[in-house]
1. About the Cα centre of the stretch 19-155, how large is the charge dipole given +1 on each Lys and Arg Cβ and -1 on each Asp and Glu Cβ? Please answer in debye to the nearest 20.
2. Compute the angle between helix 22-34 and the longest alpha-carbon principal axis of the chain, please, reported from 0 to 90 degrees and rounded to the nearest 10.
3. Which lysines have a Cα lying under 25 Å from the Cα of residue 251, excluding residues fewer than 8 positions away in the same chain?
4. Taking a ≥ b ≥ c as the square roots of the Cα gyration tensor eigenvalues, with a/c under 1.5 meaning rounded and otherwise prolate when a/b beats b/c, else oblate, which class fits the chain?
5. Exactly which GluC sites (Glu not before Pro) in the stretch 12-97 are in a DSSP loop and have at most 13 other Cβ atoms within 10 Å?
6. Not counting the cut sites, what is the longest span of the chain without chymotrypsin sites (Phe, Trp or Tyr not before Pro) that DSSP labels loop and that have at most 15 other Cβ atoms within 10 Å?
7. Once the other residues with Cβ under 12 Å from the Cβ of residue 259 are scored (Lys, Arg +1; Asp, Glu -1), what is the net sum?
8. Residues of the stretch 147-274: accessible area per residue at 1.4 Å, in Å²?
Amino acid sequence: MQIEFARIDDDAARFVLSGATPAFANALRRAMIGEVPTLAIEDIRIYDNSSVLFDEILAHRLGLIPIKTDLSRFVLQSECSCGGEGCSLCSVNFTMSVEGPKTVLSSDLISDDPDTALVHDDIPIVKLFEGQKVVLEARAVLGKGKDHAKWQPTNACGYKEYPVITISENCDGCGMCIDECPRGVLELKGRTMGVVEGKLEECSLCRLCENACLTTGIGEEPAVSVTADSSRFIFVVESDGSMPVLTIIEKGLEFIRKQSTDLSDTLSEIAGVN
């Protein structure tokens, strides 16, 4: 199994996973979305809310604000020595006290941990008019996306099978497939049809080129054939900013490895008993 990165920075990554199965590719996708823990506001105590939003809607909006998460500093409440009571190892406290007229932004949430801040300071929460107030305390804890979407570390995370385009000798270079391709993957050089250099991975596997080739009435099979390599997958992962995208990929792979190890150990124990 190999991973080749075409792009990687703090916010997004694009890579090709080779030598894997569709089951493993989907397991990796699900692990990155649902098994990598992040911080999100979970508990809120509202002292005053005279805004146009109900308390529940206000709490929902606060919970969806991404928070920068250092997994080397925090643990899940279920694994914390405080027993889930809330301490600096498993939670971060925020306060908010604002009065209108103004638009309340995420920057109005003040963290008690200087090293743990919100990803964006300009997220609008609610508009306050003259005399309206919002006063509250909130606690952020680690959680997983499988329990609630607010704990998902990714804005986008998906993959597709690697495209394979085959052009037979029967191609007469009519160019119909070029006009139909929405991604501009095909080109004509002289009378020879081919794939534009560096654009093969942009193929969406829509097969419109095949249909266009069939409508020309030349032969029984299209001269252009689009298939997929089920052992290679193109991944695109975008972080919500709570942690670098490389950390999300690493933690997703670590989860799969741990689950596999646990299963192997369990099977070994069962075999030993029998």
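The values are calculated or read from the model by the stated rules, or taken from the named source; none is laboratory data. Here the structure is a predicted model, which means the values were calculated and not measured. Because the Cβ atoms are built from the backbone with ideal geometry, glycine has one as well, and the counts that use them run over all protein chains shown. Remember, those area values only see protein heavy atoms, side chains included, never the ligands or the DNA or RNA. Shrake-Rupley method; radii C 1.70, N 1.55, O 1.52, S 1.80 Å.
1. Working: 13 positive and 19 negative charges, 119 e Å.
About 560 debye.
2. 20 degrees
3. The qualifying lysines are 68, 144, 146, 150, 160.
4. Working: a/c = 3.45, a/b = 1.71, b/c = 2.02.
Oblate is the answer for the chain, as a/c is 1.5 or above yet b/c matches or exceeds a/b.
5. Details: sites: 35, 42, 56, 79, 85; in loops: 35, 85.
Counting only loop positions with at most 13 other Cβ atoms within 10 Å, the GluC sites (Glu not before Pro) in the stretch 12-97 are 85.
6. Values: sites that count: 54, 129.
Within the chain, the longest run free of exposed chymotrypsin sites (Phe, Trp or Tyr not before Pro) spans 130-274.
7. On the way: positive: 30, 257, 258; negative: 35, 254, 262, 265.
Net of charged neighbours comes to -1.
8. On the way: 7440 Å² over 128 residues.
Heavy-atom accessible area per residue stands at 58 Å².
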